[in-house]
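One structure is given here, and the rest of the page talks about it.
Nothing in this text is a laboratory measurement; each read-out follows from the coordinates by a stated rule. In this text the structure is predicted, and so the values were computed from the model without any measurement. Backbone-built Cβ (ideal geometry, glycine too); neighbour counts: all protein chains shown.
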Amino acid sequence: MDLGIAGRRAAVAAASAGLGLGTARALAAEGVAVVLCGRRQDVLLDAVASITADGGDATGIVADVGTAAGATDFVTQAKEALGGVDILVTNAGGPGGGGFADTSYDDFEKALHLNLLSAVAMCQAAVPDMQAAGWGRVVAITSVSVRQPIPSLILSNTARAGATGFLKTLALEVAPDGVTVNSIQPGTHDTDRIRNLWGDDVSGAASTVPVGRLGDADDFGAAAAFLCSQQAKFITGASLNVDGGAYRGLQ
């Protein structure tokens, strides 16, 4: 299906690997010019090469979006490289594990910068231009933990829930301007972060997913690309679970 976004311009944060890269690949396959960022130049260059090898238009920018300054700078550089940004995908690595008893106040502050305030900064840098143009898409990669907190991930649970509140509010404010704002709440996918948390044997992680396997980053990217499409113009303020059935609630 043609998503109607060929020729659009996208900034995809933290996209040198994992779900960010899957999203960047899916957008590039639809004819979107993509700028992606990562902290390590060698990994970033490999990610860009994987997209351009398939005929996609991709550029890499070394940036750390874990701070407001880094997040803003990434979007600013993406706008300069592309001549503007029509699609923004906010994303960042997850904070470390732990529960209430072994997590410090400073840890919470760092997590909020990483998974909440970075998204705010990127939106502040990109959304006003989208409003002026009368068209824009913001898709945030968060976590299923927003709906169903994950044990021993109190930092991620807290920060991403805050980001969801921000995104929902933003969606309502910019809807009349032709800008949609949605989030995707991934469950357990086969990414470096999952392997860092579980080790090389991820069978235990897969056993927690009702479909019986880990998610695939490229499948996730296809869902993200749809939310950026012309067909999704009436979808805003939504939070889409992409989790293999892991979330058990009714709403």
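Rounding to the nearest 20 debye, state how big the charge dipole of segment 33-112 is about its Cα centre with +1 on each Lys and Arg Cβ and -1 on each Asp and Glu Cβ.
80 debye
Could the peptides 239-245, 169-175 be put in order, highest first, of the mean number of other beta-carbon atoms found within 10 Å of their residues?
Per-residue Cβ counts within 10 Å, averaged per peptide and sorted highest first, yield 239-245, 169-175.
Among DSSP beta bridges lying fully in segment 9-242, give the percent that are antiparallel, nearest 5.
0 percent
If you place +1 on the Cβ of every Lys and Arg, -1 on the Cβ of every Asp and Glu, and leave all else neutral, what size is the dipole of the chain about its Cα centre, to the nearest 20 Debye?
520 debye
What is the helix-to-structure angle for 154-174, meaning the angle in degrees between its Cα long axis and the longest Cα principal axis of the chain, kept from 0 to 90 and rounded to the nearest 10?
That works out to roughly 30 degrees.
In degrees between 0 and 90, to the nearest 10, how far off the longest principal axis of the chain does helix 118-133 point, with axes built from Cα atoms?
30 degrees
Consider a paramagnetic label point 7 Å from the Cα of Leu250 along Cα→Cβ; state which residues of segment 132-170 have an amide N under 18 Å from it.
The answer is 147-148.
Which net charge results for the neighbourhood of Gln230, defined as the other residues with beta-carbon distances under 13 angstrom from its beta-carbon, given Lys and Arg at +1 and Asp and Glu at -1?
Computed value for this residue: 0.
So how compact is the chain: Cα radius of gyration and Dmax in angstrom?
16.9, 50
Which lysines have a Cα less than 24 Å from the Cα of Lys79, not counting those fewer than 8 places away in the same chain?
Excluding near neighbours in sequence, the set is Lys233.
How tilted is helix 18-29 with respect to the longest principal axis of the chain? Cα atoms for both, answer in degrees (0 to 90, nearest 10).
20 degrees
What order do you get for 37-45, 139-147 when each peptide is scored by the mean count of other beta carbon atoms within 10 Å, highest first?
139-147, 37-45
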